[in-house]
Amino acid sequence: MPEAMRVAVVGGGYAGMAAAVELAARGITVTVFEAARQLGGRARRVEHRGTALDNGLHILIGAYRETLDLIRLVNPAHASALLRLPFEWHIHREFHLAAGRLPAPLHLFSALLTARGIEWNERLAAARFLHALRKSRFTLTQDISVELLLKQHRQSEKLKRVLWRPLCIAALNTPPATASAQVFLNVLRDSLNAARGDSDLVLARVDLSALFPEPAAAWIKQRGGNVLTASRVTAIDPIENGFAVEAEGQRQTFSHVICALPPHQVNAFLIGITALSEPAAVIERLQHQPIYSVWLQYPMSVALPSPMLGFSQGLIHWVFDREKLCGQRGLIGAVVSAEGAHQDLGQDELGLRVHQELKRRLGDLPEPLWLRVIAEKRATFSCTPGLRRPPQVTPLRNFYLAGDYTASDYPATLEAAVRSGIACARHILQQR
C-alpha cells in the first residue's frame, strides 16, 4: 500500500463517524462525505419551531461500551450529556421492575423476585427462564422466533406483554413473532448477565447529533481530516490503486473507501461493480422495519412521572420526558416501533391518536401546542431468525461496508453501527 493512505468515508452517521474517529486517532487522513446538512444519519437532530428534536429516540445501555467509549473520547461534555440510571422497567400502571445494588446476575434475579404487577409464580417462571439461558450460555442450537422461545419456557401472557415483548421490540425493532431469538439472547447476554452496570439505561441529555457526530467531526478536523456536510456522493469508481469518489461535481481519489450508508442506499453504488455482486444480493434481500417518533409540545406544566415510561396494549411503546432529560419543558417524545396498522395512518392522524392515548392513560392532558411526526420507514432491518447479513470486508479490495445491518451478533442499534465502523477502520489499519 502507498505510504500515505487516504480514506473516504461515505456517510456521516454513527457508523461512518466511528470509522473516521478510529482512523484519525491513528494518523490516517480521512474525509467524510455526508449528503445531509446534519450529521448523524438515522440518529440526528431535527429542528422544528426552534426546538431541537431527534429523528429517532434511541436508548443506550451500559453494555454498549464501544459507543460510550467514543463519546467519552470526542465529547468534552460527555459527563453532562448522558443520564445513566440503574436498570428499571416501568410499564405504566401494570408492571415495575428495578435492579438492586447486588452484583450481576443477582441484581436482576432479585429485581424479578420483587417486581410489582405480576404473580409470584410468574416471577419464579421469569427467574427460571434467565437461569436456563445462563446455563446454555445464551446460545440456541437453532435460531427460532422470540415468541416460540417464550412459549418453550412457559412464560405467561402477562410476562410476555409487560416484559419480554417490549424488551424484544426495544432491542430488535422487530415483532416477537418474527424476531430472531438468538440475537435477542445476545443482547440479554451482554446487558443482563455481565457486570451490573451493563444493564444500566443510558439516556441522551442532548440531541443525538450533539452527543457524538458533531463532537467527532470537530475532533477529526483537529487531526487533519475533513468532514463535508451537504456533500452527496454520486459515484464511486474503482481505479488503479484506489477509488475515484465524485461529490458535488468534484472528483477525488482515495486509497480506501468505507461505505457507511443505510442499506437501502448502498446498492446504488454496489450494483454494476462485478466484484460486489454478492454483497449487493445479500443487501437486496434485507427487509426493513419502521420507527415513528411523535413529538408533542404541551404547556410547560406538563411532565411525566419519570424520564422514560412504557405502555402495553396500545399504539405507543415508550414515552420520554424531554424536560427531565434535556430541559425542554412540556416536550414529550413518543415512540411507535416496528410494523403495524399505524403505518396506514396519515401523520396528522397518527399524532392525534398518540395524544389521545396519552390523555387516556396519564389523565387530563391539555391539547398540544404543536406536534411533529418523524417517520423513519426503513429505520432498521427486520432481525429475523437465521438472517444473513453482509460482512464489512467485501470482495473488492480496500472497499468496506459499515452500518448496523452488517454482519454482527447485535441487532440494528447504535452500538452495532459503531462496532461496524471501528471494524472497518481496523481492517485498514492492519495494512499499514
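Rule-based calculations on the coordinates, nothing more; no lab input. Because the structure is predicted, anything quoted here is derived from the model rather than measured. Here the Cβ positions follow ideal geometry from the backbone for every residue, glycine too, while neighbour counts run over all protein chains shown.
Taking other Cβ atoms within 10 Å as a rough exposure proxy, Asp404, Asp143 sort from fewest to most as Asp143, Asp404. Angle check, please: helix 347-362 long axis (alpha carbons) against the longest principal axis of the chain (alpha carbons), in degrees 0 to 90, nearest 10. So the helix axis and the longest Cα principal axis differ by about 40 degrees. Counting only alpha carbon atoms, the long axis of helix 181-192 and the longest principal axis of the chain meet at about 80°. Axis of helix 120-135 versus longest Cα principal axis of the chain: the two differ by about 30°, to the nearest ten degrees.
In the distance distribution for segment 288-381, Cα-Cα pairs more than 15 Å apart total 57 percent. Across the chain, the mean sequence separation of Cα contacts (distance under 8 Å, 6 or more residues apart), normalised by length, yields a relative contact order of 24 percent. Taking other Cβ atoms within 10 Å as a rough exposure proxy, Trp370, Trp295 sort from fewest to most as Trp370, Trp295. Simple point charges give the picture: +1 on the Cβ of Lys and Arg, -1 on the Cβ of Asp and Glu, and for segment 288-381 a dipole about the Cα centre of about 200 debye. Of all DSSP-defined beta bridges confined to the chain, some 75% are antiparallel rather than parallel. The alpha carbons of segment 323-432 give a radius of gyration and a Dmax of 20.1, 63 Å, in that order. Counting charges near Leu270 (Lys, Arg +1; Asp, Glu -1) among other residues having Cβ under 14 Å from its Cβ returns a value of -2.
Taken about its Cα centre, the chain carries a charge dipole of about 980 debye when Lys and Arg each add +1 at the Cβ and Asp and Glu each add -1 at the Cβ.
Go from 0 up to the bin containing the longest alpha carbon distance in segment 83-193, width 5 Å each, and give me the % of pairs per bin. P(r) for segment 83-193, in whole percents per bin: 2, 12, 22, 27, 23, 11, 3, 0.
Work out from phi, with θ = phi - 60° and the Karplus expression 6.51 cos²θ - 1.76 cosθ + 1.60, the ³J(HN,Hα) of each residue of segment 216-231, listed in order in whole Hz, and give x for Gly and Pro. Listing the rounded values in order: 5, 4, 4, 5, 5, 5, 4, 9, x, x, 10, 10, 10, 8, 6, 10 Hz. Overall shape of segment 362-425 was characterised from the C-alpha gyration tensor. The equivalent ellipsoid obtained from it has semi-axes of 36, 14, 11 Å, in decreasing order. Once you've got the GNM for the chain with C-alpha springs shorter than 10 Å, pick whichever of Gly224, Gly249, Gly327 has the biggest mean-square fluctuation. Checking each option, the largest mean-square fluctuation is seen for Gly249. Among Arg360, Arg397, Arg42, the largest mean-square fluctuation in a Gaussian network model of the chain (Cα springs under 10 Å) belongs to Arg360.
Taking a spot 7 Å from the Cα of Arg128 along the direction of its beta carbon, which residues of segment 145-179 have an amide N less than 17 Å from it? So the set is 149-160. Computed on segment 1-91, with alpha-carbon pairs under 8 angstrom and 6+ residues apart, the relative contact order is 20 percent.
Listing Phe95, Phe399 from fewest to most neighbouring C-beta atoms within 10 Å gives Phe95, Phe399. Each Cα pair of the chain feeds into the Kirkwood radius, which the Stokes-Einstein equation turns, at 10 °C and 1.306 mPa s, into a diffusion coefficient of 71 µm²/s. Within the straight-line cut-off of under 24 Å between alpha carbons, the lysines reachable from Lys151 are Lys135, Lys160, sequence neighbours fewer than 8 places apart in one chain being disregarded.
Only Cα pairs under 8 Å and 6+ residues apart enter the sum, and on that basis the relative contact order of segment 213-316 stands at 11 percent.
Only Cα sites of segment 143-250 enter the Debye sum here, all with the same form factor; the resulting log10 I(q)/I(0) across q = 0.16, 0.19, 0.25 1/Å is -0.86, -0.97, -1.33, listed in q order.
Where the centre of each part is set by its Cα atoms, how far does segment 313-367 sit from segment 183-223, in angstrom? Here the answer is 24 Å between Cα centres. Computed from backbone phi with θ = phi - 60° and the Karplus coefficients 6.51, -1.76 and 1.60, the 3J(HN,Hα) list for segment 256-271 is 9, 10, 10, 8, 10, 8, x, x, 6, 10, 5, 5, 4, 9, 7, 5 Hz; x is used for glycine and proline.
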